[in-house]
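Please read the structure below before turning to the comments.
FYI, it's all coordinate maths here, none of it is from the lab. Keep in mind that what you see is a predicted model, and the values were worked out from it rather than measured. Cβ coordinates were reconstructed from backbone atoms using ideal geometry, including for glycine residues, and neighbour counts include every protein chain displayed.
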Amino acid sequence: MEFMALLAEVRGALAAECCTLREAVGFLAAADAGKDPDLLARRRARIGASSDDEYLAAMAARGALSLLAEDASVAARQRAQTLLAGYEAGYGASLLPFLLAEPQVFEPWGGGHGQPSQAPPKTHPDGPRSPPERS
């Protein structure tokens with residue numbers, strides 16, 4: 001199975017709580033692409049991961065968070081918070097900005113750390129208002 005297809009499968013299983021993050025990393029690491037040191041080194045460098053496991057965990061978690069954001073239910077928000085807490089406990093906080101960077105997952109105006117966005121800030125229908133001219 002191609003790595004991206006495998007990653008998509010793992011993301012879905014992780015979002016549905018059919019596996020743990022550690023199990024997801026093990027599943028990805030067992031794949032041919034998960035054993036290719038050159039490929040993993042390039043991908044780790046792209047996101048700033050310090051290890052293969054951290055890279056694999058970040059990719060799986062980011063995808064699962066995206067799926068959970070699409071759900072937007074209370075249960076999905078709780079699963080997202082649990083996933084983020086588990087990621088941070090297992091791999092640290094250095095890649096949390098990467099995990100939270102996907103626009104549809106967590107926006108700056110969301111409910112805070114680990115909270116999916118509620119709605120973007122309201123803007124004027126004709127675009128941003130200009131400040132009044134000074135006389």
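Taking the Cα of Ala89, stepping 7 Å toward and past its beta carbon, and measuring to each backbone N in the range 16-55: which are under 15 Å?
20-23
Can you check how the C-alpha radius of gyration of the range 3-99 compares to 2.2 N^0.38 Å, as a plain ratio?
So the Cα radius of gyration is 1.01 times the expected 2.2 N^0.38 Å.
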